[in-house]
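For reference, the structure discussed in these notes is given below.
Every number here is computed from the coordinates shown, using simple stated rules; none is lab data. This is a predicted model, so every value here is computed, not measured. We place every Cβ from the backbone using ideal geometry, glycine too, and count neighbours over all the protein chains shown.
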Amino acid sequence: MRLEYRRLPPFTQDVGIALLYFAGGSLLYFSGIYPIFGQPAHLIWTRFLLLALVCSLQLLRRRKPALALVLAAVPFGADIWLGMSAPILIAFSDHLYAATLYGSRRLSRTMIGLAATATTGAVVIALILAEDWRTAVLAAVAAVPFIITPVWWASNIRTHREIALRERANARQLARIAELDRNAAVAGERARMARDLHDVIAGHLSAIAIQSEAALSIADGADPDTMRKVLKSVRGNSVDALEEMRAMIGLLRSAGVGEDETTAPARLGELSKLVESARASGVAVTVANEIEPEVALPAAVDLTAYRITQEALTNAVKHAPGTSAAVRLRLDGKILTVEVTNELTTPGRCSDTGHGLLNMRERAQAIGGSFTAGPAEPGWRVFAALPIGGQSS
């Protein structure tokens with residue numbers, strides 16, 4: 001089984017690096033080609049000891065890089081005093097690399113200036129101490145790659161790592177934002193479906209319940225025409241509820257946008273059905289439709305006006321049975337106003353809270369309109385202003 005270096009624990013990697021530098025340096029010492037300039041020195045075992053100290057400090061290269069660099073500078077300085085040798089210089093260059101890569105951001109920036117200063121100082125000292133200036137320049141040029149290159153290389157790696165960390169953080173944030181957007185879209189879609197389901201079913205079922213109760217309360221032998229009218233309205237509301245429910249289910253189950261809907265969405269052209277249903281439930285409804293027949297309203301505005309009127313009449317039937325209601329539709333420039341007023345059997349019985357009023361307000365605001373509902377003469381007033389500019393028909 002092949003052992004991959006990157007999968008080893010960091011401390012194990014540092015131990016391997018230290019052993020590798022010590023083995024390579026020992027080989028150079030035994031071969032006698034270790035001096036940077038001049039002849040091999042006789043203090044060979046002292047060199048081994050200094051190399052061992054520098055290499056052992058590499059065990060701190062990740063955890064305490066600054067401390068390891070400072071401590072390694074002591075045997076490195078002793079090696080310079082004895083005559084600079086290649087093994088210790090190479091091992092010390094790894095401390096420069098580790099301090100730049102694993103140290104703090106401030107230390108990493110400091111290492112760049114320190115490397116340039118050290119290189120310049122090494123050249124000046126070599127020119128002062130060496131007997132032949134050519135040898136001094138050659139030694140300085142040979143030492144430059146072991147000071148400048150490690151710092152430059154580590155600085156580039158650190159920069160790329162920081163960029164990668166920022167990109168990963170940005171990716172996580174974008175993923176989180178996308179998740180929140182999906183959750184908001186799902187919540188919005190659920191709210192819209194709940195609103196549509198309420199508007200489609202609540203009005204018809206409320207009318208069916210009230211009309212059925214009225215039919216049951218009619219005494220035997222009563223006017224058969226009245227009974228027939230009530231039962232006909234019950235059946236009409238049942239059929240309409242089934243058709244609209246079937247259309248909604250078909251829309252939810254459809255695989256593509258291009259599939260035909262089973263039925264067209266309700267519009268103000270079907271307002272008479274709402275009025276007849278409310279009248280059959282015992283509410284006297286009057287309608288004032290001031291919109292010219294040839295005016296084609298945008299589909300969104302038309303449907304919104306229909307649903308608001310439907311919900312307002314449903315509330316009138318539920319909360320004020322046996323009273324009167326008035327519906328007024330008016331087109332003033334680019335604004336369609338829908339106004340539904342009704343009497344109240346008990347003052348204060350209605351309130352401005354509930355799913356019905358909330359759905360009406362949401363529908364009006366969804367197309368840029370406004371909605372108000374509250375007590376007013378003769379009892380309760382629902383008013384919506386729906387802009388038709390910019391809507392597609």
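Across segment 314-325, coupling constants 3J(HN,Hα) worked out from phi with the 6.51/-1.76/1.60 Karplus curve, θ = phi - 60°, read 4, 5, 5, 5, 6, 9, 9, x, x, 9, 10, 9 Hz, and Gly and Pro carry x. For V283, the residues whose amide H sits under 5 Å from its own are G322, ignoring neighbours fewer than 5 places away on the same chain, with H placed 1.01 Å from N. K232: which lysines have alpha carbons under 17 Å from its alpha carbon, excluding same-chain residues fewer than 8 sequence positions away? Within the straight-line cut-off, K232 pairs with K273. Distances between placed amide hydrogens fall under 5 Å for R381 paired with G374, A376, all partners being 5 or more residues away or on another chain. Ordering E292, E343, E362, E179 by the number of other Cβ atoms within 10 Å of each residue's own Cβ, fewest first, gives E292, E179, E362, E343. For N289, the amide hydrogen comes within under 5 Å of the amide hydrogens of L329, counting only partners 5 or more places away or on other chains and with H modelled in the peptide plane.
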